[in-house]
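For reference, the structure is listed below as structure tokens.
Throughout, read-outs are computed from the coordinates displayed, never taken from laboratory work. In this text, all values refer to a predicted model and were calculated from it rather than measured experimentally. Ideal geometry is used to build each Cβ from the backbone, glycine not excepted, and the neighbour counts take in all protein chains shown.
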Amino acid sequence: MRQPAPSVADLNLLDPDGTFRTRLEADRRTIAHLSDTGNLGELKRIVHGLAGAAGTFGYGEIGGIAIEIDDAFVAGEAIARTDIARLLTALELALGTPEKSA
């Protein structure tokens with residue numbers, strides 16, 4: 001189901017200084033590192049945060065993928081490397097950083 005995107009005015013109220021984008025970049029780097037180290041506890045925390053916030057700040061695709069991964073964590077399912085790769089790719093595309101992360 002497609003969720004409505006926030007307007008520019010909404011984003012200016014929610015994130016006037018653009019710090020959420022900075023958070024996304026930090027989260028992207030951390031997720032890439034954690035996927036290599038296998039620290040699932042920290043990965044779960046970051047994914048859960050993205051699942052709750054990304055769509056609010058206009059990053060619906062990132063939020064959707066994060067929700068899928070978060071639901072898998074909650075269900076106790078194994079997290080596939082391909083799912084993490086999808087999340088990293090969505091982050092890279094949204095941020096304009098075409099780096100290979102996974």
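Listing for the model above:
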item	result
Segments 58-65, 37-44, 88-95 sorted - mean Cβ within 10 Å per residue, highest first	58-65, 88-95, 37-44
Under-5 Å amide H pairs with residue 54, H placed in peptide plane, nonlocal only	none
Kirkwood Rh and Cα Rg combined as Rg over Rh, evaluated for the range 14-70	0.98
Estimated distance in nm for a label pair at residue 71 and residue 20, the labels positioned 7 Å out from Cα along Cα-to-Cβ	2.2 nm
Cβ-based exposure ranking for 47, 74, in which fewest neighbours within 10 Å come first	74, 47
Cα-based shape type of the range 38-102, given that a ≥ b ≥ c are square roots of the gyration tensor eigenvalues and the cut on a/c is 1.5	oblate
